[in-house]
Amino acid sequence: MGEPRSKQFENIYYGLSNIPGILKLAPSGLGWKTSDAENIVTISAEEFKKMQWMRVARNYQLRIALKNGNAARFDGFNKDMFDAVRELVRANYKLQLETKELSVKGWNWGKTEFQGSQLLFNIGSKTAFEIPLIQVANSNLANRNEVNVEFMQPDQSGETQSKSKKAPMHELDGEEMSAASLFYETVKDKADLGQASGEGLALFQDILLLTPRGRYDIEVFPTFFRLRGKTYDYKIQMKSVVNLFLLPKLDEVHELFVIGLDPPLRQGQTLYHFLVLQFKQDDEIDLTLNIEEDDLKRDYGERLLPKYECPIHEAVSLVFQGLTKKKINRPSTYRNKHDEVAVKASLKANEGYLYPLEKCFLFVPKPPTYLPFSEIMSVTFSRVSANLTKKSDLGGPRTFDMKFNMKSGVEFGFSSLNREEYEDLEVYLRSKNIKTIKDTADETALSYSEFMKELDDDDEVMPTAKRRKSESVDPEDEDSEMDEDFIASSEDSDVAEEYDENYSGSDSSSDGGNSKKKGDKRASKPKSK
């Protein structure tokens, strides 16, 4: 056995990191850091339990099992480095470097095994892959035999990965129980999803979320927050919060708090880029943060207060603002004729509110749609009547549509906006230097919802339809067709028709009745002689 010594290896990756660094194996332990020294990892030799060498996607990996149940992985070793690493492990740590082969069969069925805080998927006697449960973000019981496990990948701005496992039934403590339930509870326990590793700063109970729909307890921690519902539990990093909005609903009863997320929250195959929380405006809360006042001032300065006595929507929004350092976007200077801060609109089949804000438009509650001014190329208004501002124009459309043409080429169309909102919206868009286009090609057409509203009142339908028909006739041709309802006066004609029952030729009797005019379709049929 050689003498203890130190050695460095370059271009080595730590865990799931995409940035290589330098790994140093020394008698006292190991150290890894990137070239810019921004990421540094150190592990004491006293924590080492077992070391393994295996072939992985990035050449060869040195896997170090730790006594606390976790594991450290270092990828990027060349095959010819095996002897050097084996000697260092033997000399410095008095351990054997085991060689482990992974299954490459590609099967999607096998058995799971929990080793400390690691979840292993085994095919036969070999491991196909393993998941560090410390990286698990969320898990839910999809059905009686299936569990969804979602885990975050650090140093990657892409999507959250999701894996699903189906499980059989088995007996547990004399009762039949799904193995999926046992698997789910084990994942929650190992990944620390069900309970917090430390006490949270604040807990908001039974909060209504409109998106995704449900009631959740929201527990807030310094670097993340949890949503705990009856079906789903989520752990969301504070660094994933990119926008905060606090907006009043037009019902003057509720307040909406909107949290923008990137990467989004995943629920099954559905991605949620926004959380929409709803509060009653008159609900109050007396909240004391679970932190010493000295620690609060040291860590957060003036961003957080030790106590909040205010409406609950204000308390929740201020706590999130203090922890995320994000500005709360509130209603801008926009007001319509009713002094409201938003307009009612429909996005496809979904009714909601469109808020013109300082730097964007936001549609809520479903689906939440964020339209920053910087990405809008133009806005097209359609079905806008030429006599839009005339209240007497009862024949024109009651609503109009507006379409956002984004610079990316994507279009967002909103319909069923009250026509009296048009002028205020156009003025606001121009004040933000956004180009507006008025599409008059089909301004007299009715939307489906407008058409259905007119059908509700037959007394309004017929006059409106007749007026539209008469307005569509060219004034120059209005005399070209005979009015079918016209009835001529008998005083204007002295010509009797053959089929008139009072017609007697040139020798008409003195008591001849009134003669019928030509063109009077209500004339009697001639009697047979």
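Throughout, read-outs are computed from the coordinates displayed, never taken from laboratory work. Because the structure is predicted, anything quoted here is derived from the model rather than measured. All Cβ positions, even for glycine, are placed from backbone atoms using ideal geometry, and neighbour counts span all protein chains on display.
Loop only per DSSP, at most 15 neighbouring Cβ atoms within 10 Å: give me the trypsin sites (Lys or Arg not before Pro) in the range 211-291, ordered by residue number.
Filter output for the range 211-291: Arg213, Lys230.
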Open item on the list: Filter Lys359/Lys435; Lys67/Lys94; Lys50/Lys188; Lys249/Lys359; Lys190/Lys297; Lys230/Lys307 down to the pairs with a C-alpha to C-alpha distance above 22 Å, please.
Closed with: Lys50/Lys188; Lys190/Lys297; Lys230/Lys307
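Please compute the Kirkwood hydrodynamic radius of the range 1-63 from all pairs of different C-alpha atoms, in Å with one decimal. Working shown, then result.
Values: mean 1/r = 0.0786 Å⁻¹.
That comes to 12.7 Å for the range 1-63.
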Task: Leu250 versus Asp189: modelled label distance in nm, points set 7 Å from Cα along the beta carbon direction - done: 5.2 nm
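Report the percentage of all Cα-Cα pairs in the range 266-388 whose separation exceeds 26 Å, rounded to a whole percent.
Pairs farther apart than 26 Å: 41 percent.
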TODO: Subtract the Cα-Cα distance of Ala45 and Asp286 from 0.36 nm times their separation in residues, and report this length gain in nm to one decimal.
DONE: 81.9 nm
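Between Arg5 and Thr333, what length in nm is gained on full extension when 0.36 nm per residue of separation is reduced by their alpha carbon distance?
Length difference between fully extended and current span is 111.2 nm.
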TODO: Average the reciprocal distances over every distinct pair of alpha-carbons in the range 2-145, invert the result, and give the Kirkwood radius in Å.
DONE: 16.4 Å
